[in-house]
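A quick write-up on the structure given underneath.
The values are calculated or read from the model by the stated rules, or taken from the named source; none is laboratory data. Small disclaimer: the values here were computed from a predicted structure and weren't measured. Cβ coordinates were reconstructed from backbone atoms using ideal geometry, including for glycine residues, and neighbour counts include every protein chain displayed. These accessible areas exclude ligands, DNA and RNA; they are computed on the full protein's heavy atoms, side chains included. Shrake-Rupley method; radii C 1.70, N 1.55, O 1.52, S 1.80 Å.
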Amino acid sequence: MTSVAATLRGGPWPAARRAAVAAGRPLPVERVELAAAAGRTLAEPLVALTDLPAFDTSAMDGWAVAGPGPWRLAGRVLAGQECAPLADGAAVEIATGAQLPPGATGVLRREHGTRTELPGGGAELRGAVLPGQDVRPRGQECGSGEELLPAGLPVTPAVLGLAAAAGHDRLAVHRRPTVELLVLGDELLTSGLPGPGRVRDALGPLLPPWLAAAGAELLGGRHVRDDFGLLRDAIRHSPADLVLTTGGTAAGPVDFLHAALEATGGHPLVDGVAVRPGHPMLLAALPGGRHLVGLPGNPLAAVAGTVTLALPLLHALSGRAVPPGGPAEPLAAALPGHPRDTRLHPVRRTAAGLAPLPHDGPAMLRGLARADALAVVPPGGLAAGEYAEVLALPAF
């Protein structure tokens, strides 16, 4: 019988992030075409299937020469062509990336060479070139069988280019974690101006691109009215690996998330975190190996829940290697702290260091919209010049 993990209730922010990572297991491995691998995570090390470059190539436009000059010109070789061996004292015009003819000892750049037509026909080339000059030797970047990248890295455009150059047509990657977004609340509008008692839904537009940047596949997003039965059924019947909800995490008169979770057989793993904003966030295990992350309804508080619980869980499900903490950067100004809780504060990078931004209340997004990152402020705060851990925000 599998034991049920104890619930972390109101625990420290670092412990909550660790619990989110520990909750996820990498999803199954698939071998997919390169174009379909973008945004996923390498499930195996990327190994070179060939030397790079696969043959000696010219690093410049100019002439491939054999031996000391002057040289008698003997034709041209372009990228994609092969050339006969060069005899000592001969040269051929060559393009960047073209295969170096056997016998060539270097490449004379076009701007460094002088071509002279000979009276009896043909041409002579003069210039100074050292042995091996402007030649990319075979295997300069890597040898066949060499590990280029470890498993656990996201497949970026650069990774796709490297994989193609190294001879791969397909990559072994983890399946994308699927997410269904449930936006809770009768007060939310999806268009138009706010009215009496009604506000625009900011999280429906904000969260999907962020989830996609984290490697997730969004199955859909929908609004769920403040009704216990509707929420229970939406959670129970969701096919997603992660059900992500916004609102309903506290103990208000229509906050049904905890009751709906219990009714669906879910078990809280993290119930409340000592972080501001966003402390009433929730992580739960659902039947069938699925998970639920409940974000607070206030927009900046929901962002805090995303970086605290949702993203670490998605990275774990994706098989993505994530360092235990983000990079640290110096502060241009002091960041006051909460007496007991961690604070997540929007900041901009300046020449003097991280500068805190105003409009950082739980319901505000104005500061976040100008931010480069979120600074992690431990209890008690940080003085100017001290270093703060930073959490990256998605850039498009």
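Considering the stretch 113-133 alone, what residues qualify as being open to solvent by less than 30 Å² (accessible area, probe 1.4 Å) and either closer than 16 Å to residue 162 by Cα or not aliphatic (A, V, I, L, M) (or both)?
113
Mind listing whichever residues of the stretch 380-396 are touching a strand residue (DSSP E or B) at 6+ places or on another chain (Cβ under 9 Å) and open to solvent by less than 60 Å² (accessible area, probe 1.4 Å)?
Going through the stretch 380-396, the residues touching a strand residue (DSSP E or B) at 6+ places or on another chain (Cβ under 9 Å) turn out to be 381-393.
Those that are touching a strand residue (DSSP E or B) at 6+ places or on another chain (Cβ under 9 Å) and open to solvent by less than 60 Å² (accessible area, probe 1.4 Å): 381, 382, 383, 385, 388, 389, 390, 391, 393.
For residues that are closer than 28 Å to residue 344 by Cα and of a type in the set (Gly, Ala, Ser), tally how many sit in the stretch 9-56.
10
I'd like the full set of residues that are within 20 Å of residue 267 (Cα to Cα), part of a helix (DSSP H, G or I) and open to solvent by 30 Å² or more (accessible area, probe 1.4 Å), limited to the stretch 20-55.
If the condition is that a residue be within 20 Å of residue 267 (Cα to Cα), part of a helix (DSSP H, G or I) and open to solvent by 30 Å² or more (accessible area, probe 1.4 Å), then 21, 22 are the ones that fit.
Please verify whether residue 153 is under 22 Å from the mean Cα position of the chain (by Cα), farther than 15 Å from residue 51 by Cα and surrounded by fewer than 18 Cβ atoms within 10 Å (Cβ to Cβ), treating the condition exactly as stated.
For residue 153, the condition - under 22 Å from the mean Cα position of the chain (by Cα), farther than 15 Å from residue 51 by Cα and surrounded by fewer than 18 Cβ atoms within 10 Å (Cβ to Cβ) - is met.
Mind listing whichever residues of the stretch 247-266 are modelled with pLDDT of 95 or more and either within 30 Å of the chain's Cα centre (by Cα) or part of a loop (DSSP other than H, G, I, E, B) (or both)?
264, 265, 266
Please work out which one of (1) open to solvent by less than 60 Å² (accessible area, probe 1.4 Å); (2) part of a strand (DSSP E or B); (3) touching a residue at least 24 places away in the same chain (Cβ under 8 Å) is the condition residue 75 fails and give its number.
Residue 75 satisfies all of (1) open to solvent by less than 60 Å² (accessible area, probe 1.4 Å); (2) part of a strand (DSSP E or B); (3) touching a residue at least 24 places away in the same chain (Cβ under 8 Å) except (3).
Please specify each residue of the stretch 56-69 satisfying the condition of being open to solvent by 20 Å² or more (accessible area, probe 1.4 Å) and either of a type outside the set (Gly, Ala, Ser) or farther than 30 Å from residue 104 by Cα (or both).
Those that are open to solvent by 20 Å² or more (accessible area, probe 1.4 Å) and either of a type outside the set (Gly, Ala, Ser) or farther than 30 Å from residue 104 by Cα (or both): 56, 60, 61, 68.
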